[in-house]
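The values are calculated or read from the model by the stated rules, or taken from the named source; none is laboratory data. Because the structure is a prediction, the values reported are computed rather than measured. Cβ sites come from the backbone with ideal geometry, for glycine too, and all protein chains shown count toward neighbours. All accessible areas refer to the heavy atoms of the entire protein, side chains included, with ligands and DNA or RNA removed. Shrake-Rupley method; radii C 1.70, N 1.55, O 1.52, S 1.80 Å.
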Amino acid sequence: MKLLLTSAGVNNSSIHKALVDMLDKPIAECSALCIPTAMYGHPWVGPGVKAWEFITGNSENPMVDLGWKSVGILELTALPSIGKDRWVPLVKETDVLLVSGGDALFLNHWMMESGLADLLPSLNAVYVGMSAGSMVMAPKIGEEFVGWRPPAGGDAALGFVDFALFPHLGHELLPDNTLENAEKWAEGVSIPGYAIDDQTAIKVNEGTVEMVSEGKWKRFIP
């Protein structure tokens with residue numbers, strides 16, 4: 001599975017080009033599934049209007065509205081209550097997974113509970129994460145980003161990449177997301193990490209990590 005880990009979606013030409021390069025056919029020929037689950041766990045986001053905006057492509061973060069051949073919804077909280085034969089074939093046939101921001105640990109919990117986490121490594125799809133949708137791929141997210149707490153506690157996530165992610169660096173509406181605080185966060189996670197702003201993404205393909213940026217980012221090595 002190829003990963004495009006963004007802070008705020010596919011919102012500039014460089015990130016858009018990176019996405020197109022990762023696909024094996026044009027966007028207009030690709031089927032997509034959007035996953036809004038992370039939004040429900042975050043008090044600033046959803047459920048409600050923000051979730052509807054993401055699903056319908058009316059948000060300020062381009063993902064669903066990029067011109068896909070088709071877009072469906074994969075709601076992770078619903079999957080444990082239906083048979084895998086109802087949704088696994090759909091996921092396997094999908095070209096792109098579009099995973100919203102919100103609460104990373106809430107998303108991690110439902111990726112595990114639904115069985116999607118077990119399925120992801122076998123997929124040929126491109127995984128496009130935004131904020132929490134990107135952070136969940138890390139081994140841990142850092143205590144600073146813990147909101148919803150999983151039953152077992154801690155800040156562990158899926159660990160599909162070997163680095164942690166600090167999104168929305170320098171965002172005007174997030175005064176705590178400074179470079180100074182990112183450095184403190186990096187010390188706490190004790191693994192390699194990247195702080196990225198909303199004009200930056202991380203492309204991961206066959207173990208190779210590539211920065212895609214029209215903004216600012218910094219790598220931290222413990």
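Compute the convex hull volume of the Cα atoms of the range 89-222, divide it by the residue count, and report the result per residue in Å³ as a whole number. Could you put the intermediate results ahead of the total?
Numbers: hull volume 14.3 nm³, N = 134.
Per residue, the Cα convex hull of the range 89-222 comes to 107 Å³.
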Cα convex hull of the range 89-136: mean projected area in nm², to one decimal?
-> 3.1
Per GNM of the chain with C-alpha springs under 10 angstrom, the most fluctuating residue out of LEU107, LEU79, LEU165 is LEU79
Do you know the relative contact order of the range 1-155, to the nearest whole percent, from alpha carbon pairs under 8 angstrom that are 6+ apart?
-> 34
Relative contact order of the range 177-222: what whole-number percent is it, with Cα pairs under 8 angstrom and at least 6 residues apart?
-> 41
Highest-fluctuation residue, VAL212, VAL49, VAL71 considered, GNM on the chain with Cα pairs under 10 Å | VAL49
List the residues whose amide H sits under 5 Å from the amide H of ILE73, counting only those 5 or more places along or on another chain, with H placed 1.01 Å from N in the peptide plane.
-> CYS34
In debye, nearest 20, what is the charge dipole magnitude of the chain about its Cα centre with +1 on Lys and Arg Cβ and -1 on Asp and Glu Cβ, if you could check?
-> 340
So what is the relative contact order for the range 134-204, in percent, with contacts set as C-alpha pairs under 8 Å and at least six apart?
-> 33
Be a star and scan the range 90-133 for residues whose amide nitrogen sits under 16 Å from the point 7 Å along the Cα-to-Cβ vector of LYS25.
-> 90-97, 124-126
Where only protein heavy atoms count, and the probe is 1.4 Å, what is the accessible area per residue for the range 64-222 in Å²?
-> 47
Accessible heavy-atom area order of THR56, THR208, THR94, highest first, probe of 1.4 Å | THR208, THR56, THR94
Name the lysines eligible as straight-distance cross-link partners of LYS184: C-alpha to C-alpha under 24 Å, and not fewer than 8 places from it in the same chain.
-> LYS140, LYS216, LYS218
If R0 is 35 Å, what FRET efficiency do you get for ASP85 and GLU144 from their C-beta distance, rounded to 0.05?
-> 0.30
Which aspartates and glutamates have a Cα less than 15 Å from the Cα of LYS92, not counting those fewer than 8 places away in the same chain?
-> ASP118
Return an integer: the convex hull volume of the alpha-carbon atoms of the range 1-125, in Å³ per residue.
-> 102
For the chain, which whole percent of the accessible surface, found with a 1.4 angstrom probe, sits on carbon and sulfur atoms?
-> 50
All other residues with a Cβ under 11 Å from the Cβ of ILE55 taken together, and with Lys, Arg as +1 and Asp, Glu as -1, what is their net charge?
-> -2
